[in-house]
Amino acid sequence: EGDADHGQVMELLLDCGNVYYEVDNKDWKNYVIKYDWKFDGWQNSPLGYDNLGVVVAANTKDGARPVTSPACYQVVYRRNEGGTPYFELYKYDGGDTTFGKYTPPEDFDVTQWHSYEIHTFNGNLGLVIDGEMVVTGKDNNPLTYGGIGFNSVNTKSYVDNIQIINNPQNAEYD
């Protein structure tokens with residue numbers, strides 16, 4: 001699906017919890033991933049745990065290609081039990097550690113294109129939406145390298161203009 005600003009784009013409609021990895025155990029350290037994202041809706045499913053995740057610093061620590069459940073940071077877009085959507089920044093490393101959540105304002109239309117950045121730098125984490133830092137976190141036992149991926153459960157969305165910036169010079173962290 002395309003539009004005036006986005007020609008061909010990647011459609012994310014993955015089977016229950018499967019992850020599409022764009023790259024595997026890359027030796028990227030301290031990077032920013034930038035991408036444009038547009039949500040196309042929740043799909044019908046009895047799972048009740050629907051979400052879209054963007055995975056960064058994905059690695060298996062043993063050099064094998066990450067296939068399922070690698071250690072990683074994720075930004076997920078999901079709904080709570082009341083149906084309110086929100087973004088969550090967390091780490092998976094055998095268990096989940098949440099660094100922060102962000103509920104966008106009511107006038108934020110996820111069905112329109114928005115620009116996103118996920119920052120990982122020496123354990124400092126951040127989610128930027130349309131140029132505004134909305135979630136930050138500090139990991140005292142950081143994942144320091146790895147690839148990216150996309151994860152979907154019961155959602156349909158589109159991604160475009162994916163950029164990976166290794167050791168960004170303009171990143172600022174507290």
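In the structure shown, the pairs LYS38/LYS91; LYS101/LYS138; LYS91/LYS138 are assessed against 20 Å; a Cα-Cα span above that value is assigned to LYS38/LYS91.
Working from label points 7 Å from Cα in the Cα-to-Cβ sense, the PHE108 to GLN163 distance is 2.1 nm.
Order LYS101, LYS34 by their accessible area, 1.4 angstrom probe, all chains in place, largest first. Show your work: numbers first, answer last.
Numbers: LYS101 125, LYS34 60 Å².
Result of the area sort, largest leading: LYS101, LYS34.
Accessible area per residue (1.4 Å probe, heavy atoms of protein chains only) ranks LYS138, LYS91, LYS156 as LYS138, LYS156, LYS91, with the largest value leading. Note on GLU132: accessible area is roughly 110 Å² with a 1.4 Å probe, heavy atoms of protein only.
The values are calculated or read from the model by the stated rules, or taken from the named source; none is laboratory data. No experiment lies behind these values; they were computed from the predicted model shown. Virtual Cβ from ideal backbone geometry, glycine too; neighbours counted across all protein chains shown. Surface accessibility is based on the protein's heavy atoms, side chains included, excluding ligands, DNA and RNA. Shrake-Rupley method; radii C 1.70, N 1.55, O 1.52, S 1.80 Å.
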